[in-house]
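The values are calculated or read from the model by the stated rules, or taken from the named source; none is laboratory data. Owing to the predicted nature of the structure, the values given are computational and were not obtained by experimental measurement. Please note: Cβ atoms are built from the backbone with ideal geometry, for glycine as well, and neighbour counts cover all protein chains shown. Surface areas here come from the heavy atoms of the whole protein model, side chains and all, with no ligands, DNA or RNA. Shrake-Rupley method; radii C 1.70, N 1.55, O 1.52, S 1.80 Å.
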Amino acid sequence: FKPFREELVPATDSNREAVRQWVANEWTEGGTLAGRGVTSNPRGVVGVLEFAKKLQPDVVFLITDGSFQWRTTGNISNVPWRDVSDAVKALEAASSEAKVPFNFVGFEVKAEDRRELRSLASRTGGKFREIK
């Protein structure tokens, strides 16, 4: 993953423009981001949520196909949904808010992953939307 900043920033006009420029300059439409300041993350989405926990957001948006993997001892395997749920709970526990809504935008999501994403969104007060 590649965070815009190591801390949250206000949604000012200048910060919005900085994000637009960052996306235009830092992200590619294909291939890999290797060597472009990407944070190595063998823990997959769990590592991303652990990073997000440090930011203490009051809302989270995640665009995903619902297929989460991580690297363990050189092998790539699916991240158990229980571990994703535990990472969401840990993020919420670190927040000053009662709940941190998780909003998921899904594309090409498999039925079992769709159920899990909807459940997490519902439990946190967020929403699940799917691009078909």
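Values as computed for the structure displayed
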quantity: Loop-located trypsin sites (Lys or Arg not before Pro) in the range 33-131, at most 11 other Cβ atoms within 10 Å (DSSP); calculated: ARG36
quantity: Which label in (1) 1.28; (2) 1.17; (3) 1.09 gives the computed Cα Rg over 2.2 N^0.38 Å; calculated: (3)
quantity: Within the chain, longest stretch free of exposed GluC sites (Glu not before Pro) [DSSP loop, at most 14 other beta carbons within 10 Å]; calculated: 30-96
quantity: Carbon/sulfur fraction of accessible area - the chain, other protein chains in place, 1.4 Å, %; calculated: 51 percent
quantity: Rounded to whole Hz, the Karplus (6.51, -1.76, 1.60) HN-Hα couplings of the range 6-18, x for glycine and proline; calculated: 8, 9, 6, 10, x, 7, 7, 4, 5, 5, 4, 5, 4
quantity: For the chain, built as a Gaussian network whose Cα springs stay under 10 Å, the top-fluctuating residue of PRO80, PRO57, PRO101; calculated: PRO80
quantity: Under Karplus coefficients 6.51, -1.76 and 1.60, residue-wise ³J(HN,Hα) of the range 47-58 in Hz, glycine/proline x; calculated: x, 5, 5, 5, 5, 4, 4, 5, 7, 6, x, 9
quantity: Surface accessible to a 1.4 Å probe, per residue, for the residues of the chain, Å²; calculated: 65 Å²
quantity: For ASN103, distant residues with modelled amide H under 5 Å away; calculated: VAL60, PHE61, LEU62, LYS127
quantity: Placed amide H near GLN69: partners under 5 Å, 5+ positions off or other chain; calculated: VAL45, VAL79
quantity: Over the chain: helical MRE at 222 nm, DSSP H runs n ≥ 4 each giving -39500 (n - 2.57), nearest 500; calculated: -13000 deg cm²/dmol
quantity: Whole-Hz couplings from phi, Karplus 6.51/-1.76/1.60, listed for the range 124-132; x for Gly and Pro; calculated: 9, x, x, 10, 10, 10, 10, 8, 10
